[in-house]
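Participant: The following block contains the structure, expressed as structure tokens.
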Amino acid sequence: MKNFVTYYPTENPHLLSSFIEAGFKTYLLSPKILSRLGESSFEEVLLACQDLRKRNQMIVIEFDAFVREGDWDVYLNLLDDLIQLLNKNKEEDLLTRDCFLRVHDLGVFSYLKGSKKGDLFKGIELVLDHGNHNSVGLGKYEELSPSKIVLSSQLSSHKLENVLSQIEVESEILLWGKILLFYTPRNLLSYQFQKKMDKTVEAKSEESPHKGFLLRENENGTFMFYPKDLFLLPLLDQLSQMKENLSFRFDYRFLNFSEDDLRAAVSLFKEEETDDSFYKNEHSFGLFRANKTDVLFKKLKNKKTLRNQREDFVGEVIEAHQGKHLAIRLMNQSFTKKDQLLFISPQGKEVTINPRWIKKASLEEKEEAHTGDLVLIPFVKGMTVKSVIFKV
Amino acid sequence: MSKTNIKKPELLAPAGDLERLKIAFLYGADAVYLGGQSYGLRSAAKNFTSFELEMGLLYAHERGKKVYVTINSFFHDEDFEHFDDYILFLHQIKVDAVIVSDLGVLVKIHEICPEMEIHLSTQASCLNHQSALFWKKMNVTRIVLGRELGLAEGLSIAEKSGVELEMFCHGSMCMAYSGHCTISNYTAGRDSNRGGCAHSCRFEYTLNDGQEEKKSFFMNSKDMLGAAYVEDFFKYGIASMKIEGRMKGPLYVASVTKAYRELIDEYAEKGEIKADFLEERIHLLTGFVHRDYFDGNLSQRAKSDSVYEKNSSSEQESNPVLGLVAEGNNENDKRFLLEVKGKFSVGDDIYLVNSKGRDISSSIEKIEDCYGNTIEITKPSTLVYISLSEKKTNLVMPLMVARRGAS
């Protein structure tokens, strides 16, 4: 049985049955402010908790906003208020005992793990969905005993498989939903539109090949999403085989689905249902197939003049005085008139020479040039400013 | 002991390459931060080869200064392949600390070299005292706080956690929580947290809320100017004042380092910074291309006026850099050798940004090449000897920045 996670349908609670029928077992609740994108009042959270408990479903309350030092008491007091509300019926079991708390801020996580407040919950989950792409770090986080960790969408399939093989803690990835690109505490939209912004704004830029970025603003700041949805549902079988305790999140909140669309989307989680014709949004596998975002930028640099870590790198040409001299600043190595020097121009032309003479800028002859020196040597045809020099 | 009886905060400057490291120290930095050829967040900067790192360290330590090396990218497992060698090398050349943002990297460094000082990068978004306590337990000795925090919040974190803190005082700002922006990853195929940030937040966007459309640079943050808060850095016990800008040129490094050096020294010596003294330093800090300034979050939370509604890349320097001094002058030869960056001619006004006190300002009397031939108009990427009309001998030192105009 696959572990599906989704958001409680606060606006359409009657849809919960469809989710349950499709195999969803865990539901996220997003209280305003504590949850960075949350819109539910505490009363709504309470009702949802009661509903879910009655139906024997797992409950996760989001507290994934970042908490700045000056707001610490405000956020923690809000959490107290929520706990008090959820546990108001003292003669019953405390409601929080049936809830997990999902936290993003390491300070909040660390604090709750060591406090009685944290003990009121069934477990504390940790969101590690930005960075945290290596098993060394994830292993260390595991030692802090989160009940679950939420992994990054930037992990390609083989990397995901690799990190999952090295940790035991229950984990979760986003299977279907919008990819959050950007989170700032500043309110950027209400300023632009000179009004309170409680709806989604679309953005495009001529400088970007993409259009249709979704933006949201609330009390926690401004959020920007990638135009294409992340849609890994077709790869679910492959993903399910990676690890038994891997959960898959369906975040439909910003997919602009009607109630019928949502119902149809939920039914896709049932194996027998494959008709996704209702799904018109642009979607992709994101970086799941391959994440090569670390190589493109290196390719853009001029390899011809990269100094790399070569021990034999001498320096760079800073003046090319046609027919007379090259001025060189030595950054590494020394050389004498007898040494062979390899010159590589920015265009890739290579020439090897012995400098017949070495002079200071004042034209005084030198026998040897040392690191840090600025010296002149005879002009080398084809070499220009920014040519690099290596000792052969 | 200074009049304030409070320990001076360290002045920490960026060094994009060996030249700028020397410039930063010449203009008064106590320490610099820099990146090697891998593992940093500024792939576009020249950065340091192993040999340059060694040279930089030697240069710094000879002057009683410190060097911190950034290893603040977010690692994937394969990035650890030659990591042990790199850390051992950094230890061997006596790097003063490494700056890290990934817990995996931190753990690995501590395993390889337990005595290595580890600073937590601003990329880790440490925003509260509990987070600081967490990182302290993870063997971090200094935390660079998120730029979303103010100085009073810094004080609270310092008091409650007992960790040494570093805060930015000047420079460009990410609009997003640092380390939490992946626009480049998905739109440009470049990992912003592994050195490939495409600065998409500086683009102009068309915004549509379904009712109206607006064109705006709505994610383009103004630059931080913390000159007016130097006193608070002292009072709030912030150990290090950090200047942003490993991608910035020599003029920026020289001017900003000089301005904050003088402000720190003034407050340490006199216990106050008079308005006119501050104004002069702010004048220095406005003397190069920058986005409009604001206080960052230092005194209050950034508000709507923190957005820079212009194209960042279209502005020109009003007093362009003409060159960098390659060789200084002396009593016998008053000429100095300049590595030319911009066009100028005989008779033009020039000033050399002095590392201390007033700048050297004069008109140009003579320009010669290395062979003594007179040059009328210079070309960039050449070397020329300059003679100034000012007859008083001013000591011109290597790496001084020469600019057009009067100081």
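Participant: Kindly check whether there is at least one residue in region A:23-45 that is buried (at least 20 other Cβ atoms within 10 Å of the Cβ) and within 15 Å of A:LEU94 (Cα to Cα).
Facilitator: Yes.
Participant: So, of the residues in region A:169-185 that are out of contact with any helix residue (DSSP H, G or I) (no Cβ under 9 Å at 6 or more places or on another chain) and away from chain B (no Cβ under 12 Å), which turns out to be surrounded by the fewest Cβ atoms within 10 Å (Cβ to Cβ)?
Facilitator: A:GLU170
Participant: List the residue pairs whose Cβ atoms are under 7 Å apart, where the first residue sits in region B:107-119 and is within 14 Å of chain A (Cβ to nearest Cβ) and farther than 14 Å from B:ILE71 by Cα, the second is part of a helix (DSSP H, G or I) and of a type outside the set (D, E, K, R), and the two are 6 or more positions apart or on different chains.
Facilitator: B:ILE112/B:ILE87; B:ILE112/B:LEU88
Participant: From the residues in region A:74-105 that are of a type in the set (Val, Ile, Thr) and either touching a Ser or Thr at 6+ places or on another chain (Cβ under 7 Å) or closer than 17 Å to A:ILE124 by Cβ (or both), which one is surrounded by the fewest Cβ atoms within 10 Å (Cβ to Cβ)?
Facilitator: So the residue we want is A:ILE83.
Participant: Among the numbered criteria (1) closer than 19 Å to B:TYR371 by Cα; (2) part of a strand (DSSP E or B); (3) not hydrophobic (A, V, I, L, M, F, W, C), which single criterion is violated by A:SER362?
Facilitator: Unmet condition: (2).
Participant: A further question follows. Across region B:130-152, which residue is surrounded by the fewest Cβ atoms within 10 Å (Cβ to Cβ) among those that are facing another protein chain (nearest Cβ under 9 Å) and part of a helix (DSSP H, G or I)?
Facilitator: First, pick out the residues of region B:130-152 that are facing another protein chain (nearest Cβ under 9 Å): B:130-135, B:137-138, B:145-146, B:148-150, B:152.
Subsequent filtering for residues that are part of a helix (DSSP H, G or I) retains B:130-135, B:137, B:152.
Details: B:GLN130: 25, B:SER131: 28, B:ALA132: 27, B:LEU133: 20, B:PHE134: 22, B:TRP135: 25, B:LYS137: 10, B:ALA152: 16.
So the residue we want is B:LYS137.
Participant: Consider region A:205-223. How many of its residues are touching a residue at least 24 places away in the same chain (Cβ under 8 Å) and at the interface with chain B (Cβ under 7 Å from one of its Cβ atoms)?
Facilitator: 0
Participant: Going by the conditions given, is B:GLU213 out of contact with any Cys (no Cβ under 7 Å at 6 or more places or on another chain), surrounded by fewer than 24 Cβ atoms within 10 Å (Cβ to Cβ) and either at the interface with another protein chain (Cβ under 7 Å from one of its Cβ atoms) or within 30 Å of B:LYS274 (Cβ to Cβ) (or both)? If you could, list the steps in order and put the result at the bottom.
Facilitator: Details: out of contact with any Cys (no Cβ under 7 Å at 6 or more places or on another chain): yes; surrounded by fewer than 24 Cβ atoms within 10 Å (Cβ to Cβ): yes; either at the interface with another protein chain (Cβ under 7 Å from one of its Cβ atoms) or within 30 Å of B:LYS274 (Cβ to Cβ) (or both): no.
For B:GLU213, the condition - out of contact with any Cys (no Cβ under 7 Å at 6 or more places or on another chain), surrounded by fewer than 24 Cβ atoms within 10 Å (Cβ to Cβ) and either at the interface with another protein chain (Cβ under 7 Å from one of its Cβ atoms) or within 30 Å of B:LYS274 (Cβ to Cβ) (or both) - is not met.
Participant: Please state which of the following conditions B:GLY245 fails to meet, knowing it meets all the rest: (1) on the phi > 0 side of the Ramachandran plot; (2) in a helix (DSSP H, G or I).
Facilitator: Condition not satisfied by B:GLY245: (2).
Participant: Can you find a residue that is at the interface with chain B (Cβ under 9 Å from one of its Cβ atoms) and surrounded by fewer than 20 Cβ atoms within 10 Å (Cβ to Cβ) anywhere in region A:237-245?
Facilitator: No, that holds for no residue.
Participant: Within region B:186-224, track down each residue that is at pLDDT below 90 and either of a type in the set (Asp, Glu) or assigned to a strand (DSSP E or B) (or both).
Facilitator: Hit for region B:186-224 is B:ASP191, nothing else.
Participant: So which strands (runs of 3 or more DSSP E) stay within region B:319-407 end to end and still have 1 or more residues that are crowded, with 21+ Cβ neighbours inside 10 Å and over 28 Å from the mean Cα position of the chain (by Cα)?
Facilitator: It comes to B:360-368, B:383-388.
Participant: Output the number of the condition that A:GLY372 fails; it satisfies all remaining conditions of (1) modelled with pLDDT of 85 or more; (2) more than 8 Å from chain B (Cβ to nearest Cβ); (3) assigned to a loop (DSSP other than H, G, I, E, B).
Facilitator: With respect to (1) modelled with pLDDT of 85 or more; (2) more than 8 Å from chain B (Cβ to nearest Cβ); (3) assigned to a loop (DSSP other than H, G, I, E, B), A:GLY372 is out only on (2).
Participant: Report the residue count in region A:231-251 for those that are without any contact (Cβ under 8 Å) to a residue 60 or more places away in the chain and not hydrophobic (A, V, I, L, M, F, W, C).
Facilitator: Residues flagged as without any contact (Cβ under 8 Å) to a residue 60 or more places away in the chain and not hydrophobic (A, V, I, L, M, F, W, C) within region A:231-251 amount to 4.
Participant: Looking at A:GLN166, A:GLN154, A:GLN194, which is the one that is on the phi > 0 side of the Ramachandran plot and facing chain B (nearest Cβ under 10 Å)?
Facilitator: The match here is A:GLN194.
Participant: Just for region A:353-369: of the residues that are within 13 Å of chain B (Cβ to nearest Cβ) and under 21 Å from B:LEU18 (Cβ atoms), which one is surrounded by the fewest Cβ atoms within 10 Å (Cβ to Cβ)?
Facilitator: Across region A:353-369, the extreme among qualifying residues is A:LYS360.
Participant: Which fully enclosed strands (runs of 3 or more DSSP E) of region A:98-186 have 1 or more residues being of a type in the set (D, E, K, R), out of contact with any Cys (no Cβ under 9 Å at 6 or more places or on another chain) and in the same structural domain as A:LEU37 (by TED's automatic domain parsing)?
Facilitator: Those strands (runs of 3 or more DSSP E) span A:99-103, A:123-127, A:148-150, A:171-177.
Participant: While we're on this one: Quick one: A:PRO9 ticks every box in (1) over 22 Å from A:VAL150 (Cβ atoms); (2) under 27 Å from the mean Cα position of the chain (by Cα) except a single one, so which number is it?
Facilitator: (1)
Participant: For B:LEU127, are the conditions met, namely being in a strand (DSSP E or B), at the interface with chain A (Cβ under 8 Å from one of its Cβ atoms) and at pLDDT 90 or above?
Facilitator: no
Participant: Could you please find all residues in region B:60-80 being charged (D, E, K, R) and more than 14 Å from every other protein chain (Cβ to nearest Cβ)?
Facilitator: Scanning region B:60-80 gives B:ARG63, B:LYS65, B:LYS66.
Participant: Quick one: would you say B:ARG301 is surrounded by 22 or more Cβ atoms within 10 Å (Cβ to Cβ), basic (Lys, Arg) and in a loop (DSSP other than H, G, I, E, B)? Working first, answer last.
Facilitator: Values: surrounded by 22 or more Cβ atoms within 10 Å (Cβ to Cβ): no; basic (Lys, Arg): yes; in a loop (DSSP other than H, G, I, E, B): yes.
For B:ARG301, the condition - surrounded by 22 or more Cβ atoms within 10 Å (Cβ to Cβ), basic (Lys, Arg) and in a loop (DSSP other than H, G, I, E, B) - is not met.
Participant: May I pose another question? Could you tell me whether B:LEU88 is over 24 Å from A:GLU142 (Cβ atoms) and more than 8 Å from chain A (Cβ to nearest Cβ)?
Facilitator: When the stated conditions are applied, B:LEU88 passes them.
Participant: Filter region B:196-210 down to residues that are of a type in the set (Ser, Thr, Tyr) and either surrounded by 20 or more Cβ atoms within 10 Å (Cβ to Cβ) or within 23 Å of A:PHE66 (Cα to Cα) (or both) and give me whichever is nearest to the other protein chains (Cβ to nearest Cβ).
Facilitator: Going residue by residue through region B:196-210, those that are of a type in the set (Ser, Thr, Tyr) are B:200, B:205-206.
Restricting the remaining residues to those that are either surrounded by 20 or more Cβ atoms within 10 Å (Cβ to Cβ) or within 23 Å of A:PHE66 (Cα to Cα) (or both) gives B:200, B:205.
Details: B:SER200: 6, B:TYR205: 4 Å.
Among those that are of a type in the set (Ser, Thr, Tyr) and either surrounded by 20 or more Cβ atoms within 10 Å (Cβ to Cβ) or within 23 Å of A:PHE66 (Cα to Cα) (or both), it is B:TYR205.
Participant: Determine the pairs where a residue that is surrounded by 17 or more Cβ atoms within 10 Å (Cβ to Cβ), located within region A:137-150, has a partner that is acidic (Asp, Glu) and in a loop (DSSP other than H, G, I, E, B) with Cβ atoms under 8 Å apart, the partner being 6 or more residues away or on another chain.
Facilitator: A:GLY137/B:ASP102; A:GLU142/A:GLU168; A:LYS148/A:GLU170; A:ILE149/A:GLU170; A:VAL150/A:ASP129
Participant: Check B:MET173, B:MET219, B:MET247, B:MET167 and return the single one that is more than 11 Å from chain A (Cβ to nearest Cβ) and closer than 23 Å to B:CYS126 by Cα.
Facilitator: Matching residue, one of B:MET173, B:MET219, B:MET247, B:MET167: B:MET167.
Participant: Continuing with this model, one more query. Going through region B:185-195 one residue at a time, which ones are more than 7 Å from chain A (Cβ to nearest Cβ) and either in contact with a Phe, Trp or Tyr (Cβ under 9 Å, 6 or more places away or on another chain) or of a type in the set (Val, Ile, Thr) (or both)?
Facilitator: Just the residues of region B:185-195 that are more than 7 Å from chain A (Cβ to nearest Cβ), to begin with: B:188, B:192.
The answer is B:ALA188, and nothing else.
Participant: Look at B:VAL95 and say whether it is more than 10 Å from every other protein chain (Cβ to nearest Cβ) and touching a residue at least 24 places away in the same chain (Cβ under 8 Å).
Facilitator: yes
Participant: Scan B:HIS170, B:HIS129 and give me the residue that is within 28 Å of B:PHE294 (Cβ to Cβ) and without any contact (Cβ under 8 Å) to a residue 60 or more places away in the chain.
Facilitator: The unique qualifying residue is B:HIS129.
The values are calculated or read from the model by the stated rules, or taken from the named source; none is laboratory data. Quantities reported herein were computed from a predicted structural model and do not represent experimental measurements. Cβ: placed from backbone, ideal geometry, glycine included. Neighbour counts: every protein chain shown.
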